[in-house]
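The values are calculated or read from the model by the stated rules, or taken from the named source; none is laboratory data. Here the structure is a predicted model, which means the values were calculated and not measured. Using ideal geometry, Cβ is built from the backbone for each residue, glycine included, and neighbour counts are taken over all protein chains shown. Only protein heavy atoms, including side chains, enter the accessible area calculation; ligands, DNA and RNA are left aside. Shrake-Rupley method; radii C 1.70, N 1.55, O 1.52, S 1.80 Å.
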Amino acid sequence: QDLAPLNSDSEPDRMDWSELDAKFGALPDVADGTKVGGVSKTLTNEYWRSLGEGYSSFASAHGVDVVYQAAQSEGDQLGQLSIAETLISQGFSALLFSPQTDANLIPALEKAMATGVPVVNVNDAVIPSVAHYVGNVQKDNGVRVAKWFIENHPEGGKVAVIEGQAGVFAAGQRTAGFTETIEAAGNFEVVASVPADWSRELAFNAAATILQQHPDLIGFYANNDGMALGVVEAVKAAGKAEQTAVFGTDGISDAYAAVRAGDLTGTVDSFPVLTGEVAMEVALRLLAGQDLPRVVATPQALITSENVDTYATTDLKALRATLMAQ
Amino acid sequence: MNNILTKLPFVSNVRFRDAGTLVGLLLIALVFSILSPSFLTMPNIGNILQQSSINACIALGMTLVIISGGIDLSVGPVAALSATLGAAMMVAGVPVPIAMLGAIAVGVSCGFVNGALIAWGGLQPFIVTLGGLSLYRALALIYTGGTPIFGIPSEFRSIANGAVMGVPTPVIIVAILALIAWVVLTKTPLGEYLMAVGGNPEAARVAGVPVSLTKISAYMISGALASIASLILIGRLGAAEPTLGNLWELDAIAASAIGGASLMGGRGSIVGTLLGCVILGALRNGLTLLNVQAFYQLLATGIIIIVAMLIDRATSGK
Amino acid sequence: MNNILTKLPFVSNVRFRDAGTLVGLLLIALVFSILSPSFLTMPNIGNILQQSSINACIALGMTLVIISGGIDLSVGPVAALSATLGAAMMVAGVPVPIAMLGAIAVGVSCGFVNGALIAWGGLQPFIVTLGGLSLYRALALIYTGGTPIFGIPSEFRSIANGAVMGVPTPVIIVAILALIAWVVLTKTPLGEYLMAVGGNPEAARVAGVPVSLTKISAYMISGALASIASLILIGRLGAAEPTLGNLWELDAIAASAIGGASLMGGRGSIVGTLLGCVILGALRNGLTLLNVQAFYQLLATGIIIIVAMLIDRATSGK
Amino acid sequence: MTHHRLKLSDVDKSYGSIQVLHGVSLALAAGEVHGLLGENGAGKSTLLNVMCGVVRSDAGTVEIDGMQVTINSPADAAQAGIAMIHQELQQVPELTVAQNIFLGASRRKGGLFVDKKAQEAEARDLLSTLDPTIDVTAQVRDLRVAQRQIVEIAKALRANARVIAMDEPTSSLTPAEFERLVEVIEKLTARGVSIIYVSHKMDEVYRLCSSATILRDGRFVTRVDIPSTPLPQVIEFMVGRELAHAHHNSFATDEVMMQVSGLTRGTAVRGVDLTLHKGEVLGIAGLVGSGRTELLRLIAGVDVADAGEVSIEGQPVAGNSPRTRIRAGLGLVPEERKRDGIVSHRPITANIGLPAMRQFSRAGVIRKHKLHRRSEELMREVNLRPLDVTRPIGSFSGGNQQKAIIGRWLAAGTQIYLFDEPTRGIDVGAKAEIYDLIETLAHSGCGVLVVSSEMAEVIRLSDRVLVMREGQIAADLSAEDINEANIARHAIPGA
Ligand SMILES: Nc1ncnc2c1ncn2[C@@H]1O[C@H](COP(=O)(O)OP(=O)(O)OP(=O)(O)O)[C@@H](O)[C@H]1O
Ligand SMILES: Nc1ncnc2c1ncn2[C@@H]1O[C@H](COP(=O)(O)OP(=O)(O)OP(=O)(O)O)[C@@H](O)[C@H]1O
Ligand SMILES: [Mg+2]
Ligand SMILES: [Mg+2]
């Protein structure tokens, strides 16, 4: 049965992670010897390491073995495919894929499906033919930041976007969410929207150039936290810290620290550890034969100095509780 | 690929230099097969060959370019551009064979542009193809608006996903291409011209070798092979992405160099390059089987590339 | 960097070849200044110089390596490794000057390893530094566990963020380094050796040039300059990331090549390389000022690199 | 009316602002061997390069059998039936002998493939008259210079050309090989092929040519009939002055300067002992391949010996790199100038200064003016032409490059000179200058080792001659024992 191409942001067959227990009951017992493989984009980014932590913490709590592998660098599409195929040949009960691109893991997915191994696509790029997706709504990252500007700067003003690598799904969606929402408000102008290839250095340079040209800029939105922290330094160097707000995406620990220090205005945290736990839970529920919706949405929240302490917890139970209460 | 190779006629001809590369490969295989029992199983060997096939396809063209004294950094983006255009044709209903020819024509054209700038424009290969790296990628992104093209016809996909007597089609295709490349290099005037142009361009010119055309041919062949690699890939993926082919140039250059090609030109071997591809493929596969963490995989890759070269140098004895 | 350069003594010596690169730069500046009024303002020129300074620092070393007939693909990872180790020392309370020296020592050591494998091991520079590219990156990642190091002391940061008479410190530092590199290349025995080794290694050896040491020196200098670039960068960004320096090698090679260095060795110029860096910096800056969309930035980068080379060739007349 | 086989008229050629050919003309008849003579840098190679489409002239015409032809590329020249043996061997080291011979004109099989078998057979055929010992399937990089030169000759013969230009084809051939070349040339001329013969060896010119064109400083001087014009006259046309006839002078002392004992490397050099005295010129004669080059390279530290020792003034030399040997006072003027001698695109000054950088530096900085002055001084002494030490050495004629390499060691204050074929490619005038130079060196107390395949040269220069045979010293001749018959007797194995 061919599935319609998945758009994770708009798929109607979806549920929120918080409803899992309520709708499907507590997690059934896991069969002995269950082994789950995770294939991630890269470990050079804290986001993907945290996701892996989520996998293993949840798995070890339920006596499941996890192998978590990642490509050697971001963008290494064939390398990631090789890893996925090699893992499949070793026999896993379920697989969690975070593909580099929408298509690069398709052969692995097909091979896994052919052998009846469930595959969960976890975040970011979306394999259109995948049966299960766990992750957040990429576009929503940008939307949330745009809404902050609309709320806190009712007078409007000039803003700029620092994009990730050209052609990458998450970069495109986040930028589109921000730009569409803020332009719809009417009194904002996106004066620059330029790529910095996920690089802190290039983000710094781009931000410095933009500030030079638009000294009255009121804010930046960067597609990830690394770039946002580069922008922060450029803003500080230009002496515009008071005037120019800077937002990132991902909620890595350095971003939290910077928010607390007042350097970074905010970041959209998509709670990678929790996402990892949810993804693992979804995989285990699938193995137990439960019929879950195609998309399980994971939480995200705009972190600013006001709520940073609430979210900056390593206590996942407390975090779950806070997010459930949202 | 060694088990296939031994059945092919040209192995009798394997040069001494290639024996060094083979020793490197066998050592790596030995280590991995001791550490992981699944490494030397038939399905896994098939896996390795299949995974090496795309790099091998690219590396064949790269080897010819390197022999001619050049380098082609633009293979990945050329692959992306021809993949997206080819896929768009297929999706638009163009018959598969024509779309494939169209895709290859795109690759050949890109190669021609590179080659012409280098041979007639007199620019350095590195910088021309570095420019091409941005240029062709940009064209692929602009053409597709950054989104992948899905809906590749299943008749086409089944070519790339099939197998003949247990050997995956991509491996067979690349083996045939390798045979052709080997014939071109060692049996045709073009092969001699490539060696001559890379080995001593002045002597080649004085001897009346069409130096510019030879260089341009090398880049056109490289472009064609990049397209074919991309066709194999989109057949397997079922989608053509504009970001496809990222970092391909480095793998292909590494394979050629491990296989004995000299980046100063004039030297290189098809057999060596194939062995180089299998070394890289086996490396990645083995490290994954052993569940080595990504950072340590990177470490191992770096060390093994260097050690392979050292072994190779020691055994090839000069 | 041209406005600073004209005040330096060596500009009287600017060679004919460099004039071509200058023409390329002026043309780019002309186009951008027509399209964007803010391009040719003093603060923006300062910006361009500042943004080019890191690439310039790397490219100086790259030029020396290229002249010696080699290439150094590992500069980015070497920078990352020395940045993270240096930053860790600073954060651990090691006095800033000592930590800086420590970072530079790391870069020099990496360069020594590269150079020794190339000169004594007899391996190809491309493949050795390609291995290094993985190896040093892996070490940086493993050492930091993949997370950036924050908390760089402000006394150190103020060096990188300061300015002397309106000129940003990084620009001044790099200008001084360029002057030193220029003196080394054109006024010292090492410079002659580099040229000779890159031009004809065998003849150089017969003439008593310490070929191996010369090559190793080039890589050590390249390593040192990579460290210095990384120190400037972490000073400006306030964090040392293990992923820092991605693709630096390509920018540096592009700058050297635009500036007239031949990847076949024996030829290259410091002034040309600096101009090449400013061309690339101006390009990126101008495209950002014009708010060119991502895909078209890539397109423009590709086209302009190639066009700059063509202009350069046309004007340098050979 | 009969046409000339080939006629070049009013050829001009400039490199940048320097004009190297000024309206030069040259003509030759079918079946004629025509000499092209002139000092180093006179423009001989340039003229031939113009004729063969390797460089483009600024003005001038080429006629073949009365038809004007346009030659813009080597392919045009081949089309017109012109082939050339280049002075700087133009070969691809990675390709085989047969492939090099057929480069650019491969024999085909089925239209598409190279017919290697046919090429090899034909190559073997061509080489059979020249040097049957050359393996046509060997890579050219593995051949010795002399063999490469023969391959170059075979390449020109292969083209079946009507005109063959030979630019110093015998610069590294032995007399025996020259004899075989003479036979080949005679066969060719009998078939009506015309030959332009460039050589600095006047005896060859007198042996082969019936007429000659003489160039000086890029200008046509005269055309002479060869056997009828006496040699001194020809030389005067070439150099613009009369050369004094020189005699051998000896400055040898009894003081031992260098002692070589048991030097061995593979089978090329086997247990060589020799002693060089202060002020002595020690010649080393032998057949090609007898190991003379290898011996000099071992002494100079360019190759590493398997066994044996070199001591200078009684002290064994430590280390075996060229660098340490140079410090000990040795200097090698190599046989293969382009490969082992020059850094082509660097100026004369840089090429001269390489071994003596320290001497020309103060506080780590090169004193460029000092280097420049000293280079100019030395180059004036050896009569470099043109006397511009800032020009890349690669743009000088071969003979002038050689002078710069010798200048390198003069600048370094070398005590022991190792000359490998010192006058290969050097004109008569400069040859005399180099002989004088060697004598001056000996006079000033230096030791000189001279390897030469020119018997006359060895005899003219040496106080003592060692004859090498199959890697060993077969004879040590001195005083009146030094003569052609003696040398040949000891050099030929089994003789
Ligand atoms: N590429 C070049 N650039 C500049 N000058 C050149 C170049 N090639 C040759 N020349 C100059 O042209 C002149 C003629 O050189 P050519 O090689 O024709 O001399 P030649 O008569 O063959 O001398 P030789 O007997 O030493 O071979 C010389 O002064 C040489 O320096
Ligand atoms: N590149 C090489 N490869 C293999 N053998 C070589 C090579 N060069 C020299 N030989 C061998 O070494 C021995 C000595 O050669 P060498 O060149 O020293 O002789 P030579 O008397 O100087 O002759 P030439 O006039 O060619 O310089 C010969 O037996 C020769 O075959
Ligand atoms: Mg000549
Ligand atoms: Mg010799």
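For the reader, a short list of remarks on this structure follows.
- Averaging Cα coordinates gives a centre for the stretch C:183-262 and one for the stretch B:135-186; these two points are 39 Å apart.
- Debye, to nearest 20: dipole size of chain D, +1 on Lys, Arg Cβ, -1 on Asp, Glu Cβ: 1720 debye
- Summed residue charge, Cβ within 15 Å of C:Ala240's Cβ, Lys/Arg positive, Asp/Glu negative: -1
- Three principal axis extents describe the C-alpha atoms of chain C; from largest down they are 52, 49, 38 Å.
- In chain A, excluding the sites themselves, the longest stretch lacking any of the GluC sites (Glu not before Pro) that are in a DSSP loop with at most 16 other Cβ atoms within 10 Å is A:1-154.
- Rounded tilt (10° steps) of D:116-130 against the dominant C-alpha axis of chain D: 70 degrees
- Principal axis extents of the C-alpha atoms in chain D (largest first, rounded to whole Å): 72, 50, 46.
- Average accessible area per residue (Å²) across the stretch D:377-495 - probe 1.4 Å, nucleic acids and ligands excluded: 33 Å²
- Distances, shortest first, from the label point of B:Val167 to those at the same position in the other copies read 6.6 nm; the point lies 7 Å along Cα to C-beta.
- Once both labels are positioned 7 Å from their Cα atoms along Cα-to-Cβ, the gap between D:Arg56 and D:Ala307 label points is 6.1 nm.
- In order along the stretch D:70-83, phi translates into HN-Hα couplings of 9, 10, 10, 8, x, 5, 4, 5, 4, 4, 7, x, 10, 10 Hz, rounded to whole numbers, per the Karplus curve 6.51 cos²θ - 1.76 cosθ + 1.60 with θ = phi - 60° and x for Gly and Pro.
- Pairwise Cα distances in the stretch D:256-491 exceed 34 Å in 12 percent of cases.
- Dipole axis of the protein assembly as shown (+1 Lys, Arg; -1 Asp, Glu on Cβ), positive-most option in D:Pro334, A:Ser82, A:Phe24: D:Pro334
- Closest approach of any chain B Cβ to the axis that rotates B onto C belongs to B:Met264, 4, distance given in whole Å.
- For peptides D:482-490, D:165-173, sequence by mean Cβ density within 10 Å, most packed first: D:165-173, D:482-490
- Under 5 Å, built H, 5+ apart or other chain: amide partners of A:Ala70: A:Ser40, B:Ala294
- Among B:Ser158, B:Ser53, B:Ser227, residue whose mean-square fluctuation peaks in a GNM of chain B (springs only between Cα atoms under 10 Å): B:Ser158
- Unit charges on C-beta of K, R, D, E only; dipole of the stretch D:4-241, Debye: 420 debye
- Within the accessible area of the protein assembly as shown, the carbon and sulfur atoms contribute 58%, probe 1.4 Å, all protein chains present.
- The simple Förster model, with R0 at 45 Å and r as the Cβ-Cβ distance, assigns D:Ser25 and D:Lys117 a FRET efficiency of 0.50.
- Helix D:428-443 axis versus longest C-alpha principal axis of chain D: approximately 0°, rounded to the nearest ten.
- Residues in the stretch A:48-181 average 28 Å² of solvent-accessible surface per residue, probe 1.4 Å, ligands and nucleic acids excluded.
- Just checking the listed ones, C:Pro77, C:Pro201, C:Pro97: in the Gaussian network model of chain C with Cα springs under 10 Å, the one fluctuating most is C:Pro97.
- Cα→Cβ-extended label distance, 7 Å offset, between A:Thr313 and C:Phe112, nm: 5.2 nm
- Once B binds C, the 1.4 Å probe can no longer reach about 3700 Å² of accessible area, counting both sides.
- When Rg and the Kirkwood Rh are both derived from Cα coordinates, the Rg/Rh ratio for chain A amounts to 0.99.
- Angle between chain D longest axis and helix D:368-381 axis [Cα atoms, degrees, rounded to 10]: 70 degrees
- Rounded to 5, percent antiparallel among DSSP beta bridges of the protein assembly as shown: 45 percent
- With label points set 7 Å from Cα along Cα→Cβ, the inter-copy distances at C:Trp120 are 5.0 nm, sorted shortest first.
- All-pairs Cα distance distribution in the stretch A:1-160, expressed in whole percent, bin size 10 Å: 10, 33, 34, 15, 6, 2, 0
- Using distinct alpha-carbon pairs, which all enter the 1/r mean, Kirkwood radius of the stretch C:76-187 in Å: 15.9 Å
- Ranked by the mean number of other Cβ atoms within 10 Å per residue, highest first, peptides B:34-45, D:298-309 order as D:298-309, B:34-45.
- Assuming charge only on the beta carbon of Lys and Arg (+1) and of Asp and Glu (-1), the dipole of chain C about its Cα centre is about 360 debye to the nearest 20.
- Take each residue of peptide D:343-356, count the partner chain Cβ atoms within 10 Å of its Cβ, and average: the result is 5.
- Comparing each chain alone with all protein chains together (probe 1.4 Å, DNA, RNA and ligands left out), the residues of the stretch B:198-216 losing at least 30 Å² of accessible area are B:Asn200, B:Ala203, B:Arg205, B:Val206, B:Ala207, B:Gly208.
- Heavy-atom accessible area per residue - the stretch B:118-169, 1.4 Å, Å²: 41 Å²
- A Cα-only calculation for the stretch C:136-182 places Rg and Dmax at 15.4, 41 Å.
- Placing one equal scatterer on every Cα of the stretch D:4-241 and applying the Debye formula, the log10 ratio I(q)/I(0) at q = 0.08, 0.15, 0.17 Å⁻¹ is -0.29, -1.03, -1.29.
- Choice from A:Ala245, A:Ala222, A:Ala257 showing the highest fluctuation, given a GNM over chain A with Cα pairs closer than 10 Å: A:Ala257
- With Cα atoms as the point set, the radius of gyration and Dmax of the stretch D:1-79 evaluate to 12.5, 40 Å.
- Buried area at the A-B interface (accessible, heavy atoms, 1.4 Å probe, summed, Å²): 2700 Å²
- Between the listed residues D:Ser73, D:Thr46, D:Ser25, the Cα displaced farthest toward the positive end of the dipole of the stretch D:1-74, a dipole computed from Cβ unit charges relative to the Cα centre, is found at D:Ser73.
- Taking a point 7 Å out from the Cα of D:Lys109 in the direction of its Cβ, the residues of the stretch B:185-225 whose backbone N falls within less than 13 Å of it are B:186-189.
- A Stokes-Einstein calculation at 25 °C with viscosity 0.890 mPa s, built on the Kirkwood radius of the protein assembly as shown over Cα pairs, returns a diffusion coefficient of 70 µm²/s.
- Shielded by partner chains, the stretch C:259-283 residues - at least 40 Å² of accessible area, 1.4 Å probe, vs chain alone: C:Leu263, C:Met264
- Under the membrane-span-like helix rule (DSSP H runs whose alpha carbons stretch at least 24 Å along the helix axis, mean Kyte-Doolittle hydropathy 1.6 or higher), chain B yields B:16-35, B:96-119, B:169-187, B:270-289.
- Positive-end residue of D:Val269, B:Gln50, D:Ala305, charge dipole of the protein assembly as shown with Cβ unit charges: D:Val269
- Whole-Hz ³J(HN,Hα) from phi, Karplus 6.51 cos²θ - 1.76 cosθ + 1.60, for the stretch D:258-267, glycine and proline x: 9, 10, 10, 9, x, 5, 9, 8, x, 9
- Across the stretch D:231-238, coupling constants 3J(HN,Hα) worked out from phi with the 6.51/-1.76/1.60 Karplus curve, θ = phi - 60°, read 3, x, 5, 4, 5, 5, 4, 6 Hz, and Gly and Pro carry x.
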